[in-house]
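Report on the structure given below.
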Amino acid sequence: MARPGLEDGVRRKLHRVGTANVANALLARGFRNVMMPGVRALADGQEKLVGPAYTLRFIPAREDLDSMADYSRDDNLHRLAIEQCPPGAVLVIDAFGSSDAASMGDLMAERLRHRGVAGVVTDGGFRDTEGIRSTGLPAYQRRTAAPATPIRMHPIALDEPIGCAGVAIYPGDVLFGDGDGIVVIPGHLASDVADEALAAVEYEEFAAAEIRRGRSILGLFPSTEESRSEYENWVAVGRPETKGQQG
């Protein structure tokens, strides 16, 4: 069963930060294995990816079970994942690291986009990548994989805990992606992590303004008690160098 969606306020905050900010907030809580190594955005400049995980797990294909005829069945879990992933969620595909066959193609991406799904992530690869880019769906993969899915992969489970690119993902965990990659936030920490990451971004605006004035990073970044006090004063007077520049 799909888990509850992500609160709009949390989603908006995450859209204002970066994966590094989120990873740092998680590291402060003891979480080290949260970034998906080698998984990158399919398109440069695609919109950020934010949403709770809905998972699909593949295992290696077997010849007596996997064929294009089986793939065409309405109860095929790969195809059902496209129809059942909740709007606002991220479809996360555990392809056991395989790019020998496609985790998804352009028509599936088009359907996900139409249904309001936030994006898709795999530790394998996609086919029809130009078509996927044209949909505007935020998509992340390891490398392109053109062969048909049943050649190498069998869909075995939906909406269950998976490992994707070596990171544990439970349904409802929050996936956040930008140009630097994908980070996984345990669902129960999403609100606190979003707050802390946004606070870090806002402090970094102050630090950047000071650095542009010629100031050393020593005593400025990372923040100190003194620099935090300076930051609070800077906020109180209207963030002078950035006022009117925030979108």
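The values are calculated or read from the model by the stated rules, or taken from the named source; none is laboratory data. All values reported here derive from a predicted model rather than from experimental measurement. Heads up, the Cβs are rebuilt from the backbone with ideal geometry, glycines too, and the neighbour counts pull from every protein chain shown.
Observations on the structure shown:
- Just one of the listed residues (Val201, Val237) is among the β-branched types (Val, Ile, Thr), free of Cβ contacts under 8 Å to residues at least 12 places away in the same chain and surrounded by fewer than 16 Cβ atoms within 10 Å (Cβ to Cβ), and it is Val237.
- Inspection of segment 119-129 finds a residue satisfying the criterion of being part of a strand (DSSP E or B), farther than 16 Å from Ala165 by Cα, small (Gly, Ala, Ser) and in contact with a Gly (Cβ under 8 Å, 6 or more places away or on another chain).
- Selected residue (criterion: surrounded by the fewest Cβ atoms within 10 Å (Cβ to Cβ)) from residues of segment 64-82 that are closer than 14 Å to Leu107 by Cβ and of a type in the set (Ser, Thr, Tyr): Ser72
So that you can scan it fast, the table gives a plain yes or no per residue for (1) crowded, with 22+ Cβ neighbours inside 10 Å; (2) closer than 19 Å to Pro37 by Cβ:
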position: Ser99; (1), (2): no, yes
position: Gly105; (1), (2): no, no
position: Arg115; (1), (2): no, no
position: Gly119; (1), (2): yes, yes
position: Gly124; (1), (2): yes, yes
position: Ile156; (1), (2): no, no
position: Glu160; (1), (2): no, no
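- Residue identified as assigned by TED's automatic domain parsing to the domain that holds Val174, part of a strand (DSSP E or B) and in contact with a strand residue (DSSP E or B) (Cβ under 8 Å, 6 or more places away or on another chain) among Ile82, Ile93: Ile93
- Residue check, Tyr71 more than 30 Å from Asp195 (Cβ to Cβ), touching a residue at least 24 places away in the same chain (Cβ under 8 Å) and among the hydroxyl-bearing types (Ser, Thr, Tyr): yes
Okay, residues lined up against (1) at pLDDT 95 or above; (2) out of contact with any Lys or Arg (no Cβ under 9 Å at 6 or more places or on another chain):
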residue: Ala69; (1), (2): no, yes
residue: Arg79; (1), (2): yes, no
residue: Glu83; (1), (2): yes, no
residue: Ala102; (1), (2): yes, no
residue: Leu107; (1), (2): yes, yes
residue: Asp128; (1), (2): yes, yes
residue: Gly136; (1), (2): yes, no
residue: Glu160; (1), (2): yes, no
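- Subset of segment 49-60 (residues that are surrounded by 19 or more Cβ atoms within 10 Å (Cβ to Cβ) and either out of contact with any Lys or Arg (no Cβ under 7 Å at 6 or more places or on another chain) or over 19 Å from Val184 (Cα atoms) (or both)): Leu49, Gly51, Ala53, Tyr54, Thr55, Leu56, Arg57, Phe58
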